């Protein structure tokens, strides 16, 4: 009986997220940001656990919008891309995928997973807004 309780306690401690991890539940992953496409789209290698990876996955930062490359504001596009790249490119960070109403991981209209990216306790999506490089995006 005591051995069973110790095993359950050890498993609970192992499975519980660290204090600094975002509260994403099962939708939290470690990801290496391979490259930044623009201020709200990145390519990442995602660690799904058990030595399983999703490589070159296109991700869209949830809740923000930045200037597009083909629009008249090329300077805004360059600034947003450069700032995001400097902050996260080549780094291993935590991503949280967004759930849709059915409870599945949501993808936007272009098939990219919608994510929040955490750099420690800092939400990168919010950082882009605070820097004036993005605006709030609502579907």
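Things worth noting here:
- For the pair residue 30 and residue 130, a Förster radius of 25 Å applied to the C-beta separation gives a FRET efficiency near 0.55, rounded to the nearest 0.05.
- Evaluated over segment 26-136, the Cα radius of gyration and Dmax, each in Å: 13.5, 45
- Full-stretch length increase - residue 37, residue 55 - with 0.36 nm per residue and alpha-carbon distance subtracted: 4.9 nm
- Fully extended contour minus Cα-Cα distance, from residue 100 to residue 75, at 0.36 nm per residue: 5.7 nm
- Annotation: the antiparallel percentage among DSSP beta bridges lying fully within segment 26-136 is about 90.
- The relative contact order of segment 26-136, computed from alpha carbon pairs under 8 Å that lie at least 6 residues apart in sequence, is 30 percent.
- Listed peptides 98-111, 75-88, 56-69 appear in the order 56-69, 75-88, 98-111 once ranked by packing, highest mean of other Cβ atoms within 10 Å at the front.
- Subtracting the Cα-Cα distance of residue 86 and residue 107 from their residue separation scaled by 0.36 nm leaves 5.0 nm.
- Per-peptide average of other Cβ atoms within 10 Å, ordering 114-124, 38-48 highest first: 38-48, 114-124
Values quoted throughout were computed directly from the atomic coordinates according to the rules given, and no laboratory measurement underlies them. Predicted, not measured: the structure shown is a model, and the values here were computed from it. No Cβ is skipped: glycine too gets one built from the backbone with ideal geometry, and neighbour counts run over all protein chains shown.
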